Amino acid sequence: MALTGLLTACPGPPPPADESVALRFSLPEGVDRSNLWIAALYYPLEANGTVGQPVLITSTPAGSGTSGGDVPLYLSGYALRQARNSAKCTTPFLTGEASGKQSVSVTPNTVLTCNVGFLAYTASGYGTMPTLDNLKYTSNDLYGFASEAFKYSFVNVNGDGTRSTETGTRTAGWSLVRREVLNPSATPQEYLVTMNSVAKENQAVALKLREPRDPFRSQGLAGGRQ
């Protein structure tokens, strides 16, 4: 009986190691890139349940003038491991990402997640932190860690009376998670959101940065864990 208990208590295989990754970002055409930086960050969940100030992982200048082309951003395995090891980033999905949502379903419900988001902001140098005042563009997509593969769904009721049903399937370890939104014409107040891990070979497709004016197309600086 004791041996049976030990066997059933053994955890599953550990998630893959923290590998470095190079991502690419596209900006709106003709944007003035002077003093524009692209950042990777996460939003810490404090002990009282509130979301703290964003923690910057890395940032890179977007280039000078209005020159086109995608902007590369390198996430080192060391930086990703630091984020994953932070108890304020890696939290239970149920009390983190799904907190305050309705009709929550998570399988398995023991999964822990840590999400790294992306944005563009104006800065005079590397030491400038992104704020709501210097925020220029945000991304719908994220680079997420999961302690184990999982799938989920929940409903979010928004302040403007609209509702969004979000579903997702994510792999264990770190993966690029792309966000897609549908708004069926038959139900204009209902949005269907998917957040799925993509295969590594599809990570080469540039992530789009857009103006943060629509919560269903862009994530604001203050809503990074939504």
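The figures follow:
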| quantity | calculated |
| --- | --- |
| Of residues in region 139-170 being assigned to a loop (DSSP other than H, G, I, E, B) and either open to solvent by 70 Å² or more (accessible area, probe 1.4 Å) or farther than 16 Å from N109 by Cα (or both), the one modelled with the highest pLDDT | D141 |
| Region 50-59 - residue that is part of a loop (DSSP other than H, G, I, E, B) and open to solvent by 40 Å² or more (accessible area, probe 1.4 Å) and, of those, nearest to T138 (Cα to Cα) | Q53 |
| Whichever residue in region 100-129 is within 27 Å of K208 (Cα to Cα) and polar (S, T, N, Q) and, among such residues, is nearest to the chain's Cα centre (by Cα) | N115 |
| Total residues in region 63-86, condition in contact (Cβ under 8 Å) with a residue 24 or more places away in the chain, under 19 Å from A204 (Cβ atoms) and assigned to a loop (DSSP other than H, G, I, E, B) | 3 |
| Residue check, T90 β-branched (V, I, T), farther than 19 Å from R179 by Cβ and at pLDDT 95 or above | yes |
| Hey, G69 of a type outside the set (V, I, T) and surrounded by fewer than 16 Cβ atoms within 10 Å (Cβ to Cβ) or not | yes |
| Residue match in region 103-119 (condition: open to solvent by 30 Å² or more (accessible area, probe 1.4 Å), outside any strand (DSSP E or B) and small (G, A, S)) | no |
| Which listed residue, of A47, A62, is more than 19 Å from G173 (Cα to Cα), among the hydrophobic types (A, V, I, L, M, F, W, C), surrounded by fewer than 12 Cβ atoms within 10 Å (Cβ to Cβ) and over 14 Å from the mean Cα position of the chain (by Cα) | A47 |
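The values are calculated or read from the model by the stated rules, or taken from the named source; none is laboratory data. All figures in this text were calculated on a predicted structure; none of them were measured in a lab. Quick reminder, even Gly has a Cβ in these numbers, built from the backbone with ideal geometry, and neighbours come from all protein chains shown. Accessible surface areas use protein heavy atoms only, side chains included; no ligands, DNA or RNA. Shrake-Rupley method; radii C 1.70, N 1.55, O 1.52, S 1.80 Å.
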